[in-house]
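Notes follow once the structure below has been shown.
The values are calculated or read from the model by the stated rules, or taken from the named source; none is laboratory data. All of these numbers come straight from a predicted model, not from anything done at the bench. No Cβ is skipped: glycine too gets one built from the backbone with ideal geometry, and neighbour counts run over all protein chains shown. Just the protein is used for accessible areas: all its heavy atoms, side chains included, with ligands, DNA and RNA removed. Shrake-Rupley method; radii C 1.70, N 1.55, O 1.52, S 1.80 Å.
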Amino acid sequence: MVSLTNTISFPIDFRKDIDEEIVKKDKEPVFVTCKTCKRRSLKKDWKDNYYVCPNCGKYSTISAYYRLSLILDPRSFKELNANMKASDPMEFPEYKEKLQKQKKETGLEEAAVTATGKIGGHKVTVIVLDSRFFMGSMSTIVGEKVTRAVEYATKKKTPLIIFSASGGARMQEGIYSLMQMAKTAAAVEEFNASGGLYISYLTHPTTGGVTASFASLGDITLAEPGALIGFAGPRVIEQTIHKKLPKGFQRSEYLESHGFVDKIVPRSEMRETLLKLIELHQA
Amino acid sequence: MIEMILRKVEKLDAQIAELENETAEVTNDLVKAVGHSSEVLEETEDEYASWKEHNKEISKLKSMREYFLSECRNLAPDERVFLARHAMRPHVDDFIDGLFTDFFEQKGDHLFDEDKSIYGGIARFHGIPVTVIGHRKGHTIEENMEYNFGMPCPEGYRKALRLMNQAEKFKRPIITFIDTPGAYPGMEAEEHGQGEAIAVNLAKMSQFHVPVISVITGEGNSGGALAIGVANRVLMLENAVYSILSPEGFASILWKDSERRKEACELMKLTALDLREAGVCDEVVKEPLGGAQRDYSAVMRNLDVALWKHLSELKQMSPAKVKNDRQMKYRKIG
C-alpha cells in the first residue's frame, strides 16, 4: 500500500468528522458508535481505516477533498474551475438560501470538485462528486464542471477518473438539470473517441441522472463496497411493483453479479488499483 | 377547469353530430324531392321548415362550442399536463399513419427482448427514407397495459439505439416522437441496466452524423424521454410538457406530498413556451383549440410543415456540421 500521508494543501479542512448518519456520537468525544454493528470504537481507528468501520466494514461518506488526498501524489493537486459558483436558472423559491446553507455546512461551492494531479507520477484528471452537497445532485454547474474537466482530459490526453455519488437530478433546476445528462454524456463520448482511458468509480449513492449518463460510460467500472447504485430509487420501485425488494438489491455486490461492475474496490485499495489500471493502459 | 370545458365541448360535439346526421337525411330527402317536381315541394314544406330549424340549432350549438373552446386559449401549466396525458391524444402510431408512408416496423433489441413501449422502423417522409422511433402508449386501457403505459425497459432503449445506429449507417435522418411518464422503475429494468441503456443512448446520439429531430408530443419525463431525444431540433406540440420528472414525483420529492402537483406544475416551467424560452425547444407546433385530440388532421398538417422545414435546413449541412450542431445545442445549456 502506497503511503497516504497527506501533504497536499487543500483549500478547506476536508478532515470532517465521520458522517453522523453512520455513527452515533459518544459522551467522550474520542469515541463513536457504529449505527450498523452498534460497536464502539475510537474515532482515530475509523480515520486510520479511511472512515470505514474498523469492526463491521460499514462505509462512511467522505468529502471530495479527502478522497482526492487519498489517491493523488503529494503536492500534485490542482483544482479546475474552483471558482464556479452555483446558479439558480429557474429562480426557484428558497433555492438560493438552501444553496447558501449547504455552502456554509460543507465549505463547497457545488457538489462537484474537479481537479488535475498525479497518481504514481502519471498525470490524471479527476472528478469527485460530494454527496454532502445537495446529495451530489446534478445541477447545471455540476454538469458544466464535469463537462469542462472531461474536455480538459481530452485536450491534455490524461486518463479520466470520475467518482460518482449522486441522488440524481437537482429538482430546483428542472429541465436544465436534465439537459446536463446529454451534455456530459456527449463530452465523455468525445473523450472516448479520442482514445482516453475513463475509469468510473461508483460510490454511495449513485442514482438517477448521473447513473444514466457519465457514471455508466466508463471503460472500467469500479464500485465501493455496499454502495447503492441504480437508476430508479428503491422506494419508487417498491411503490411501482408493490413488492419488497430483496436484500442487497442495487448494491455494488448485486451489480457486480449482474454484470455492470468490473470490480469492487475497497477504499484502502483505491489508489493502487487506479495506478495499476493507468499503467496497464500505457503504450 | 379544462376537464370541465372539455366535457361540455364533447357533449356539444355529440349533439351537433346527431343534429347534423338528421339534417343530412332531411337534406337528402329534399334534394331528391326537388329533383322530382314542384308539387312534391309543397309536401315537403314541413320538412323544409324543420331543416331550417335544425340548421339554426346547429349554428347555435356551434357558437356555444366556440365560446367554450375560446376558454382554452390560455391554459395553466397543469391544464396542459392534463391535455398532454389525454387518452385520445395522437400517439406515435397515429403520427406514423398521418405523416409517413411505406412504414416498415422493426422489432426487438436483437439481444434479449422486444419492448413494445418503443415503436419504430423505417418509413418515408416526403419520399425520403427516415428512421422513425417513438414511445408507444396506446389509447385504451388494454393497449396501455400491453405497451406498459409508454415506460420502456432497457430493451426498449437498446432497440431504439439499434434502429438509430442503422439510420447512421444508411444515412437516414432520425425522427423521434417523445411521450412517456419516464423509464420503467421495475426490478428487472434495474437488473438489466436501465441507467446504462439510457447513458449509452445519450452518448451515441451525440455522435450521429445524420439529422435528428425529436418531437415532444405528450409528456416527456426524465431521462426516459431524453434517451431518444438528443436531437438537432426539438419540437413541441403546443400542449406537450417536458420535465425532469412528473409533477407528482416532483411534489413528492420536494415536499413529500404528491397532492401538490398543481403547484409543482407552476414552478417546473414545463410547458412548450417555457422550454422555448429556455432554449431547449426550437419550435412550438400549434394544436387545435382544446387539444390535439380534437383534430388529428390539423395537428398532422402543422407538424408536417414544421418537420419538413427543419429537416430541409439540416439536410443542407455537412455530416460533420450536423453532429457539431447537435452537440452545441446541449453544450450551451448551463
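Values computed for the structure shown
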{"quantity": "Selection from region B:249-278 of residues that are farther than 17 Å from residue A:90 by Cβ and facing chain A (nearest Cβ under 10 Å)", "calculated": "B:252"}
{"quantity": "So residue A:213, is it of a type in the set (S, T, N, Q), more than 11 Å from chain B (Cβ to nearest Cβ) and touching a helix residue (DSSP H, G or I) at 6+ places or on another chain (Cβ under 7 Å)", "calculated": "no"}
{"quantity": "Only one of B:103, B:170, B:95 that is within 23 Å of residue B:220 (Cα to Cα) and among the hydrophobic types (A, V, I, L, M, F, W, C)", "calculated": "B:95"}
{"quantity": "Flag if residue B:253 is modelled with pLDDT of 95 or more, farther than 26 Å from residue B:72 by Cα and in the same structural domain as residue B:205 (by TED's automatic domain parsing)", "calculated": "no"}
{"quantity": "Residue satisfying all of: in region A:173-199; open to solvent by 10 Å² or more (accessible area, probe 1.4 Å) and in contact with a Pro (Cβ under 8 Å, 6 or more places away or on another chain); farthest from the other protein chains (Cβ to nearest Cβ) among these", "calculated": "A:197"}
{"quantity": "Which numbered condition residue B:243 fails, given (1) more than 10 Å from chain A (Cβ to nearest Cβ); (2) crowded, with 17+ Cβ neighbours inside 10 Å; (3) within 17 Å of the chain's Cα centre (by Cα)", "calculated": "(1)"}
{"quantity": "From the options A:246, A:225, residue that is within 10 Å of chain B (Cβ to nearest Cβ) and either assigned to a loop (DSSP other than H, G, I, E, B) or at pLDDT below 95 (or both)", "calculated": "A:246"}
{"quantity": "Unmet requirement for residue B:80, which otherwise passes all of (1) within 30 Å of residue B:122 (Cα to Cα); (2) touching a residue at least 60 places away in the same chain (Cβ under 8 Å)", "calculated": "(1)"}
{"quantity": "Among the residues listed as B:158, B:172, the single one being of a type in the set (Lys, Arg) and closer than 28 Å to residue B:302 by Cα", "calculated": "B:172"}
{"quantity": "Residue in region A:200-208 that is in contact (Cβ under 8 Å) with a residue 40 or more places away in the chain, at the interface with another protein chain (Cβ under 9 Å from one of its Cβ atoms) and of a type in the set (S, T, N, Q) present", "calculated": "yes"}
{"quantity": "Residues (in a loop (DSSP other than H, G, I, E, B), within 23 Å of the chain's Cα centre (by Cα) and among the charged types (D, E, K, R)) located in region A:32-46", "calculated": "A:35"}
{"quantity": "Residue in region B:219-231 that is open to solvent by less than 10 Å² (accessible area, probe 1.4 Å), farther than 16 Å from residue B:152 by Cα and either in the same structural domain as residue B:88 (by TED's automatic domain parsing) or in contact with a His (Cβ under 7 Å, 6 or more places away or on another chain) (or both) present", "calculated": "yes"}
{"quantity": "Residue under evaluation residue A:145, criteria (1) open to solvent by less than 30 Å² (accessible area, probe 1.4 Å); (2) among the charged types (D, E, K, R); (3) over 24 Å from residue A:213 (Cα atoms), criterion not met", "calculated": "(3)"}
{"quantity": "Scope region B:303-324; condition under 16 Å from residue B:95 (Cα atoms) and open to solvent by less than 60 Å² (accessible area, probe 1.4 Å); matching residues", "calculated": "B:303, B:304, B:306, B:307"}
{"quantity": "Scope region A:102-133; condition assigned to a helix (DSSP H, G or I) and open to solvent by 30 Å² or more (accessible area, probe 1.4 Å); matching residues", "calculated": "A:102, A:103, A:104, A:105"}
{"quantity": "Sole exception among (1) among the aliphatic types (A, V, I, L, M); (2) surrounded by fewer than 24 Cβ atoms within 10 Å (Cβ to Cβ); (3) in a helix (DSSP H, G or I); (4) at the interface with another protein chain (Cβ under 10 Å from one of its Cβ atoms) for residue A:270, by number", "calculated": "(4)"}
{"quantity": "Boolean, residue A:74 is open to solvent by 60 Å² or more (accessible area, probe 1.4 Å) and in contact (Cβ under 8 Å) with a residue 60 or more places away in the chain", "calculated": "yes"}
{"quantity": "Residues that are touching a strand residue (DSSP E or B) at 6+ places or on another chain (Cβ under 9 Å), open to solvent by 40 Å² or more (accessible area, probe 1.4 Å) and in a helix (DSSP H, G or I), drawn from region B:275-298", "calculated": "B:276"}
{"quantity": "Members of region B:188-205 that are more than 7 Å from chain A (Cβ to nearest Cβ), in contact (Cβ under 8 Å) with a residue 40 or more places away in the chain and open to solvent by less than 10 Å² (accessible area, probe 1.4 Å)", "calculated": "B:197, B:201, B:205"}
{"quantity": "Flag for residue A:216 being more than 14 Å from residue A:131 (Cβ to Cβ), within 17 Å of the chain's Cα centre (by Cα), small (Gly, Ala, Ser) and modelled with pLDDT of 95 or more", "calculated": "yes"}
